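Enquirer: A single structure is presented below for examination.
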């Protein structure tokens, strides 16, 4: 069953912040430790800070695994999880308190703050990292550490590990499998992220007018993100007007909005570390043309069809195949694909036959117009763990379970330079995307508060 959506988002999201309680993080750490090999110690490292220009940095965003296991927000930090001698322990390495640096770059928790606020039994300062590693490896038989996440920490860890006799293991198979299924507290964060993002899309629809710039619409979206308590965008906002929508990850957002063109917005916020991901496509002037509506309704039908079959046991591949079937059938009816292109096998056969006979005019196939997967996993990362969407054989064939969250985002993109395509469709790009969670009886659309029926969009824009 699909949760019934409201026609339009008429209420604003509450400013009251939501947080995941510390006991949830403690339970996750306990579960992680229980899955380690006996006599093991794990070091889960923070992301590095990145230079933006000269002596300024990009805003720091913590490693998703550190967030998942502790919610600790600072750089130069390490979570230490151990079951050595059958004793479960959680310790941390953090930056020291430094009054001079805190004046310039903000307050720090320090070792005492880490113990008071994040549940560790001991906390060491960053300058002690090598010594802590050395002592820990002397007692353990196995060590869990992922190289490549933080170059500064790799340089400190590697020489100490090489001097030890510990076997090296990757902690990600444990953390990433845990992250695949969201619990009630996580889903509450994702519902809030979806509601804020839905309000932002509705605001953009109301604001949109010919003559505006794409970046002005981006500003409308991101103002709502921040004003409703989100950290900011979960990824770089895509605001693509006209044939810019043919570029799947268009982020320049610097062109004027023109009358009788469509605007594709792929933008959403991050809330308490959790991402949302919404795409809507709508007419700049508030009224779909006939050709735009034909393509839009076809993509919408494909999206609805895929969502309608989402339930426990179904795979992402089945969602993709369902959406692709609807798109193929509709494109044949619109005269875009030939009547023989009823499935992937028929398309591959036609292309092989064309190549073998040296034909110059290559037939149009669905992947010319729909070149990406229908779904990807969603969570602390916008393209979340469990491998990325329908591009991974493992991910697309995995039966879905209650609590798994993913996107459903079919699209059609008509290259304005492709003379094989009907002229009236050239330059049209449409994608419609929602966030979906599997429930016991089917699924729930987490982003249903932003309209996608064409008449609802036109009504909202007219209002």
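The values are calculated or read from the model by the stated rules, or taken from the named source; none is laboratory data. In this text, all values refer to a predicted model and were calculated from it rather than measured experimentally. Methodologically, a virtual Cβ is constructed for each residue, glycine included, from the backbone with ideal geometry; neighbour enumeration extends over all protein chains shown.
Enquirer: Surrounded by fewer than 23 Cβ atoms within 10 Å (Cβ to Cβ), over 17 Å from the mean Cα position of the chain (by Cα) and in a loop (DSSP other than H, G, I, E, B), is that true of residue 253?
Expert: Values: surrounded by fewer than 23 Cβ atoms within 10 Å (Cβ to Cβ): yes; over 17 Å from the mean Cα position of the chain (by Cα): yes; in a loop (DSSP other than H, G, I, E, B): yes.
Judged against the criteria, residue 253 is a match.
Enquirer: Please verify whether residue 268 is closer than 21 Å to residue 60 by Cα, in the same structural domain as residue 385 (by TED's automatic domain parsing), touching a residue at least 60 places away in the same chain (Cβ under 8 Å) and touching a helix residue (DSSP H, G or I) at 6+ places or on another chain (Cβ under 9 Å), treating the condition exactly as stated. Even if it seems obvious, please write down each step before you answer.
Expert: On the way: closer than 21 Å to residue 60 by Cα: yes; in the same structural domain as residue 385 (by TED's automatic domain parsing): yes; touching a residue at least 60 places away in the same chain (Cβ under 8 Å): yes; touching a helix residue (DSSP H, G or I) at 6+ places or on another chain (Cβ under 9 Å): yes.
Criteria met by residue 268.
Enquirer: Now for a different question. Confirm whether residue 244 is surrounded by 20 or more Cβ atoms within 10 Å (Cβ to Cβ), at pLDDT 95 or above and not assigned by TED's automatic domain parsing to the domain that holds residue 82. I'd like the intermediate steps shown before the answer.
Expert: Working: surrounded by 20 or more Cβ atoms within 10 Å (Cβ to Cβ): yes; at pLDDT 95 or above: yes; not assigned by TED's automatic domain parsing to the domain that holds residue 82: yes.
Yes: the conditions hold for residue 244.
Enquirer: Same structure, new question: For segment 97-114, indicate whether the set of residues that are touching a strand residue (DSSP E or B) at 6+ places or on another chain (Cβ under 6 Å) and farther than 16 Å from residue 66 by Cα is non-empty.
Expert: Among the residues of segment 97-114, at least one is touching a strand residue (DSSP E or B) at 6+ places or on another chain (Cβ under 6 Å) and farther than 16 Å from residue 66 by Cα, which makes the answer yes.
Enquirer: Report whether or not residue 260 is touching a residue at least 12 places away in the same chain (Cβ under 8 Å), in contact with a helix residue (DSSP H, G or I) (Cβ under 8 Å, 6 or more places away or on another chain), assigned to a loop (DSSP other than H, G, I, E, B) and closer than 22 Å to residue 284 by Cβ.
Expert: Details: touching a residue at least 12 places away in the same chain (Cβ under 8 Å): yes; in contact with a helix residue (DSSP H, G or I) (Cβ under 8 Å, 6 or more places away or on another chain): no; assigned to a loop (DSSP other than H, G, I, E, B): yes; closer than 22 Å to residue 284 by Cβ: yes.
For residue 260, the condition - touching a residue at least 12 places away in the same chain (Cβ under 8 Å), in contact with a helix residue (DSSP H, G or I) (Cβ under 8 Å, 6 or more places away or on another chain), assigned to a loop (DSSP other than H, G, I, E, B) and closer than 22 Å to residue 284 by Cβ - is not met.
Enquirer: Residue 38 - would you say it is touching a helix residue (DSSP H, G or I) at 6+ places or on another chain (Cβ under 7 Å), surrounded by fewer than 20 Cβ atoms within 10 Å (Cβ to Cβ), more than 20 Å from residue 111 (Cβ to Cβ) and at pLDDT 95 or above?
Expert: Numbers: touching a helix residue (DSSP H, G or I) at 6+ places or on another chain (Cβ under 7 Å): no; surrounded by fewer than 20 Cβ atoms within 10 Å (Cβ to Cβ): yes; more than 20 Å from residue 111 (Cβ to Cβ): yes; at pLDDT 95 or above: yes.
No; evaluated as a whole, the condition is false for this residue.
Enquirer: All but one of (1) surrounded by fewer than 17 Cβ atoms within 10 Å (Cβ to Cβ); (2) touching a helix residue (DSSP H, G or I) at 6+ places or on another chain (Cβ under 8 Å); (3) farther than 20 Å from residue 380 by Cα hold for residue 157, so report the exception by its number.
Expert: The one condition residue 157 does not meet is (1).
Enquirer: I would also like to ask the following. If you take just the helices (runs of 4 or more DSSP H) that sit entirely in segment 48-145, which of them hold at least 3 residues that are under 26 Å from residue 22 (Cα atoms) and free of Cβ contacts under 8 Å to residues at least 24 places away in the same chain? Give the derivation first.
Expert: Working: elements: 64-70, 99-105, 110-118, 129-139.
Because the criterion is at least 3 residues that are under 26 Å from residue 22 (Cα atoms) and free of Cβ contacts under 8 Å to residues at least 24 places away in the same chain, the helices (runs of 4 or more DSSP H) in segment 48-145 that meet it are 110-118.
Enquirer: Look at residue 9 and say whether it is under 25 Å from the mean Cα position of the chain (by Cα), modelled with pLDDT of 95 or more and closer than 23 Å to residue 228 by Cβ. Please lay out each step first, then the result.
Expert: Details: under 25 Å from the mean Cα position of the chain (by Cα): yes; modelled with pLDDT of 95 or more: no; closer than 23 Å to residue 228 by Cβ: yes.
So residue 9 does not fit the description; no.
Enquirer: Still on this structure, I have one more. Here are some residues: 310, 323. Which one is closer than 16 Å to residue 376 by Cβ, assigned by TED's automatic domain parsing to the domain that holds residue 231, in contact with a strand residue (DSSP E or B) (Cβ under 8 Å, 6 or more places away or on another chain) and part of a loop (DSSP other than H, G, I, E, B)? If you could, list the steps in order and put the result at the bottom.
Expert: Numbers: 323 fails: part of a loop (DSSP other than H, G, I, E, B).
Just a single option satisfies the conditions, and that option is 310.
Enquirer: Considering only segment 167-201, how many residues are assigned to a loop (DSSP other than H, G, I, E, B) and buried (at least 22 other Cβ atoms within 10 Å of the Cβ)? Steps first, answer last, please.
Expert: Restricting attention to segment 167-201, the residues satisfying the condition of being assigned to a loop (DSSP other than H, G, I, E, B) are 170-171, 181-183.
In the following step, the residues that additionally are buried (at least 22 other Cβ atoms within 10 Å of the Cβ) were identified as 171, 182.
Residues meeting the conditions: 2.
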